[in-house]
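Engineer: My questions will all concern the structure given below.
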Amino acid sequence: MQLSKKRKSNLISFILTAIVIFALIKYLYENQGIFESLSKINVSSLFLLGVLYLVYILTLSFLNQRIFRKLAPNISTKSIIFLQFVNNLVNKILPKGGVAFRATYLKKHYQLSYSFFLASFASLMIVTFASQSLVSLFAMLIIFLKTGLYNLFIILAFVSILAGSITVIIIKPRPSKNRNWLFNYINKLIEGWKTIVGNTSDLLVFILISVAILLIDSLNMYVIFRTIKTPISYSSSLVLSSISLIMSYINITPDGLGVREGVYLYISSLVGLSEEQLLFGSLVQRTVSLVMACLFGGLSYIFLTKARRKTLENQSS
């Protein structure tokens with residue numbers, strides 16, 4: 001019996017996730033001193049990391065609100081914020097699970113079509129890729145001027161991402177005159193894209209908010225490494241954060257588990273940290289993020305479920 005394309009993709013993701021989890025358990029077993037180091041992290045630092053996590057989610061929610069309301073003005077601010085918390089939680093369980101949850105919820109609760117949701121998601125992705133790759137290239141220039149270190153492959157990757165994103169923004173696709181279901185779907189994507197980024201001033205606002213998101217996340221990264229007594233420059237934390245945020249759109253394992261760490265190890269010499277320091281920093285980041293996601297994501301899911309149930313009751317009465 002042949003597996004469908006979706007099942008093959010899910011199977012590959014499951015196998016990769018299992019391999020990564022096994023490797024992580026093996027690494028932690030062989031380096032049990034990490035747990036002792038974790039226990040020495042002071043409460044004030046953990047509190048600061050928690051606050052930065054909340055600021056990051058709220059800023060990302062603000063960007064989502066600006067984009068979604070172009071297509072569905074009736075979406076409430078609370079729903080956008082709670083959806084972002086749930087999205088962050090579900091993504092730690094299933095690759096792209098958060099996207100599927102948001103698309104389904106907005107379709108059922110606000111009648112936002114899947115094509116328009118994909119248009120909003122694509123807009124967010126392109127704006128993120130363009131702004132954060134540009135900031136990362138600037139950060140790598142600073143690193144090079146200060147230390148003489150560079151990674152040609154990473155530079156070319158960011159240049160390619162930036163060039164591709166700018167090309168998509170500049171080129172204005174035209175709807176097809178063909179009226180079958182596929183082209184109708186594509187036309188809706190184009191319509192949604194034009195609605196969201198058709199205004200230059202709106203596009204600039206989206207880019208500025210995206211840069212702010214990167215700065216907040218990189219500050220979180222900076223605090224994490226300082227908390228574990230690992231010196232890191234802010235430029236290096238910018239590069240690490242931009243890689244993390246860009247890869248969050250192309251995860252093949254839950255929350256990019258293992259994949260992100262693999263890229264971190266590849267650029268360890270560029271950011272001036274050892275492989276052990278990067279892995280430990282990533283472990284601390286994942287631990288704090290998981291605790292916050294379970295807490296606020298769980299509460300947000302309860303709220304959204306109750307809101308959905310209340311809406312259905314009002315419609316039936």
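The values are calculated or read from the model by the stated rules, or taken from the named source; none is laboratory data. Everything numeric in this text was worked out from a predicted model, so none of it was measured. Every residue, glycine among them, receives a Cβ derived from its backbone with ideal geometry; neighbour counts consider all protein chains shown.
Engineer: Tally up the residues in the range 97-117 that are closer than 24 Å to L214 by Cβ and either in contact with a Cys (Cβ under 6 Å, 6 or more places away or on another chain) or buried (at least 20 other Cβ atoms within 10 Å of the Cβ) (or both), please.
Structural biologist: 3
Engineer: Select from the range 261-296 the residues that are small (G, A, S) and assigned to a helix (DSSP H, G or I) and write down the one among them that is farthest from the chain's Cα centre (by Cα).
Structural biologist: Applying the first criterion (small (G, A, S)) to the range 261-296 yields 262, 268-269, 272, 274, 281-282, 289, 293.
Remaining after also requiring assigned to a helix (DSSP H, G or I): 262, 268-269, 281-282, 289, 293.
Values: G262: 17, S268: 21, S269: 24, G281: 18, S282: 15, S289: 12, A293: 13 Å.
Result: S269.
Engineer: Does A103 qualify as being in contact (Cβ under 8 Å) with a residue 24 or more places away in the chain and over 20 Å from I216 (Cα atoms)? Explain how you work it out, then say what you get.
Structural biologist: Working: in contact (Cβ under 8 Å) with a residue 24 or more places away in the chain: no; over 20 Å from I216 (Cα atoms): yes.
Spelling it out, it is not the case that A103 is in contact (Cβ under 8 Å) with a residue 24 or more places away in the chain and over 20 Å from I216 (Cα atoms).
Engineer: Can you tell me which residue in the range 281-312 is modelled with the highest pLDDT, limited to those that are among the hydroxyl-bearing types (S, T, Y) and surrounded by 14 or more Cβ atoms within 10 Å (Cβ to Cβ)? Before the answer, list the steps.
Structural biologist: Applying the first criterion (among the hydroxyl-bearing types (S, T, Y)) to the range 281-312 yields 282, 287, 289, 300-301, 305, 311.
Still in the running and surrounded by 14 or more Cβ atoms within 10 Å (Cβ to Cβ): 282, 287, 289, 300-301.
Values: S282: 85, T287: 83, S289: 86, S300: 91, Y301: 88.
Across the range 281-312, the extreme among qualifying residues is S300.
Engineer: Of the residues that sit in the range 118-139 and are buried (at least 23 other Cβ atoms within 10 Å of the Cβ) and farther than 28 Å from S237 by Cβ, which one is farthest from the chain's Cα centre (by Cα)?
Structural biologist: Filtering first and then ranking leaves A119.
Engineer: Of all residues in the range 248-259, how many are touching a Leu at 6+ places or on another chain (Cβ under 9 Å) and either at positive phi or part of a helix (DSSP H, G or I) (or both)? Before you say what the answer is, go through the steps one by one.
Structural biologist: At the first step, the residues of the range 248-259 found to be touching a Leu at 6+ places or on another chain (Cβ under 9 Å) are 249, 251-255, 257-259.
Now restrict to residues that are either at positive phi or part of a helix (DSSP H, G or I) (or both): 254-255, 258-259.
Summing the residues that are touching a Leu at 6+ places or on another chain (Cβ under 9 Å) and either at positive phi or part of a helix (DSSP H, G or I) (or both) in the range 248-259 gives 4.
Engineer: Okay, moving on. For the list (1) over 20 Å from D217 (Cα atoms); (2) buried (at least 22 other Cβ atoms within 10 Å of the Cβ); (3) not polar (S, T, N, Q), I need the number of the one condition that I155 fails.
Structural biologist: In the conditions (1) over 20 Å from D217 (Cα atoms); (2) buried (at least 22 other Cβ atoms within 10 Å of the Cβ); (3) not polar (S, T, N, Q), I155 misses (2) alone.
Engineer: Can you list residue pairs whose Cβ atoms sit under 7 Å apart, with the first residue in the range 55-76 being over 16 Å from T128 (Cα atoms) and the second being of a type in the set (F, W, Y) and modelled with pLDDT under 90? Count only pairs 6 or more apart in sequence or on different chains.
Structural biologist: Going by the 7 Å Cβ cut-off, the qualifying pairs are L71/F116; A72/Y110; N74/Y110; I75/F68; I75/Y110.
Engineer: Only residues in the range 249-269 that are crowded, with 17+ Cβ neighbours inside 10 Å count as the first member; pair them with residues that are in a loop (DSSP other than H, G, I, E, B) and among the charged types (D, E, K, R), Cβ under 7 angstrom, at least 6 apart or cross-chain, and list the lot.
Structural biologist: N251/K96; P254/K92; D255/K92
Engineer: Residues in the range 26-38: is at least one under 22 Å from the mean Cα position of the chain (by Cα), of a type in the set (V, I, T) and modelled with pLDDT under 80? Reasoning before the result, please.
Structural biologist: Just the residues of the range 26-38 that are under 22 Å from the mean Cα position of the chain (by Cα), to begin with: none.
Checking the range 26-38: not a single residue is under 22 Å from the mean Cα position of the chain (by Cα), of a type in the set (V, I, T) and modelled with pLDDT under 80.
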